[in-house]
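Below is one structure, written out as structure tokens; comments come after it.
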Amino acid sequence: MSHVNPEDAMPPAAVSAKVMQTEALELGFSQCVHAMERTLYATPVGWALAIWLVHGVVPRVNVLQWLALFFVGWCAGLLMLRRMSKAGPRFAKHRLGLLVVAGVDGMCWGSSVLLLMTHDQRVDAWLVIVLCGVVSVNAPTYITYPRAFRVLAAALWLTASASAVALRARFDVAPQLIAGLLVYLAMVVYTLRSISSRVIEGIRLQLENAALADQLRQSLVQVKHQASTDALTGQLNRRALDLALDGLIVEGDRRGRMFSLLMLDIDFFKHINDTHGHGVGDLALQSVAQRIAAQLRAGDLCARFGGEEFVMLLPSTDLVQACEVAERIRAKLEASPLATEPPLAITASIGVATYETGMSAEALLGAADREVYAAKRSGRNQVCPARPPRNS
């Protein structure tokens, strides 16, 4: 019996939503790792505050024991978080390590009850305030992964409660401390959970918006490509040719930049359609377009002008150079039959014209077109320039 993946039975929209939710949770976890690393760097500020509060009241040995315990846990946690950050935090791989770091941090803060309290009631009250402040400061750190905060809160409460029970002989308010911390931590956990769900939902929506924006960009690129490309040959269409030609004329008038234009007409193309059908004729056009494009240089443009005619724009090219390119194209078309069925031997007549300041697009196209007909009248399969090259 074949195994069926449950996702295969889900509609595409549901699969996409599930993927986005997973990516949001993954991103939230990564953000939590980096936030925890920054928070741990600020932990010594809490140490300094606690030491300042207990100075002269709590025995120095207790303070040093608490600092030593905390320093070891702090270094281990920071090292683990650095490794996660360097490797790129991954939920499946690093979640246990993150929970351990959170739990150790909570235990270290909770140990302050055992090592720093029961020496002065006023100091004890201030230390309880410090513990509540630590919880409040840490809450935003875990906003994108609240499970780690629950671990921290549970570790802090259990350690503090166990310490209070151990010190109950000289700790009159142990029950009140245990109950008070429990209520406070429960309220923070509850509040953080509701806020966290909205933050994760916001991340998911951001990812969806980013995906939609990317799809829109791809669609716009595709539409722009389709709007400027001839569907049959894959070369520029007439509209794109007109825009490119106008741009070259503007550059020519403003900066005196030279360019040339080739107009190519396939010889006896009507005979191909009449003899072999338009399907073979379309394949012949595609093959001709590929051969033309293969002979052009970087920056040159090729467009299907209409029917069996192609126009090539050659920026920064004088008439002599344009004739060389045209002759290379003509020879390549004549060299071997096209890869059609049946194979077709084909030639082309090419007219060449070079832009001169003040010429319009129509005038330049007309000059090249006249030379195409001149080539056909002279026997076809040849290149005719609008003005003979000086060194010819």
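The values are calculated or read from the model by the stated rules, or taken from the named source; none is laboratory data. Predicted model only: the values in this text are computed from it and were never measured. Cβ atoms come from the backbone with ideal geometry, glycine included; neighbour counts cover every protein chain shown. Please note that ligands, DNA and RNA were not included when accessible areas were found on the heavy atoms of the full protein model with its side chains. Shrake-Rupley method; radii C 1.70, N 1.55, O 1.52, S 1.80 Å.
Points worth noting:
- Residues of the range 70-87 that turn out to be in contact with a helix residue (DSSP H, G or I) (Cβ under 6 Å, 6 or more places away or on another chain) and open to solvent by 60 Å² or more (accessible area, probe 1.4 Å), as a count: 1
- Of the residues 326, 368, 375, the single one that is open to solvent by less than 20 Å² (accessible area, probe 1.4 Å) and over 20 Å from residue 293 (Cα atoms) is 375.
- Among the residues of the range 248-293, those identified as open to solvent by 30 Å² or more (accessible area, probe 1.4 Å), out of contact with any helix residue (DSSP H, G or I) (no Cβ under 6 Å at 6 or more places or on another chain) and within 18 Å of residue 383 (Cα to Cα) are 268, 293.
- Residue match in the range 106-114 (condition: of a type in the set (Phe, Trp, Tyr), at pLDDT 90 or above and in contact with a Phe, Trp or Tyr (Cβ under 6 Å, 6 or more places away or on another chain)): no
- Of the residues making up the range 306-318, those that are open to solvent by 10 Å² or more (accessible area, probe 1.4 Å) and either among the hydrophobic types (A, V, I, L, M, F, W, C) or in a loop (DSSP other than H, G, I, E, B) (or both) number 4.
- Just so you know, in the range 73-122 the residues that are assigned to a helix (DSSP H, G or I) and basic (Lys, Arg) include one that is nearest to residue 28 (Cα to Cα), and it is 95.
- Hey, residue 114 under 46 Å from the mean Cα position of the chain (by Cα) and under 16 Å from residue 69 (Cβ atoms) or not: no
- Tallying residues that are in a helix (DSSP H, G or I) and open to solvent by less than 50 Å² (accessible area, probe 1.4 Å) within the range 134-177 yields 22.
- Any hit, the range 178-200, residues being open to solvent by 30 Å² or more (accessible area, probe 1.4 Å) and part of a loop (DSSP other than H, G, I, E, B): no
- Exclusive hit being among the aliphatic types (A, V, I, L, M), open to solvent by 20 Å² or more (accessible area, probe 1.4 Å), more than 14 Å from residue 37 (Cα to Cα) and touching a helix residue (DSSP H, G or I) at 6+ places or on another chain (Cβ under 7 Å), set 99, 116, 131, 67: 67
- Yes/no for residue 340 being open to solvent by 20 Å² or more (accessible area, probe 1.4 Å), farther than 22 Å from residue 254 by Cα, β-branched (Val, Ile, Thr) and touching a Leu at 6+ places or on another chain (Cβ under 8 Å): no
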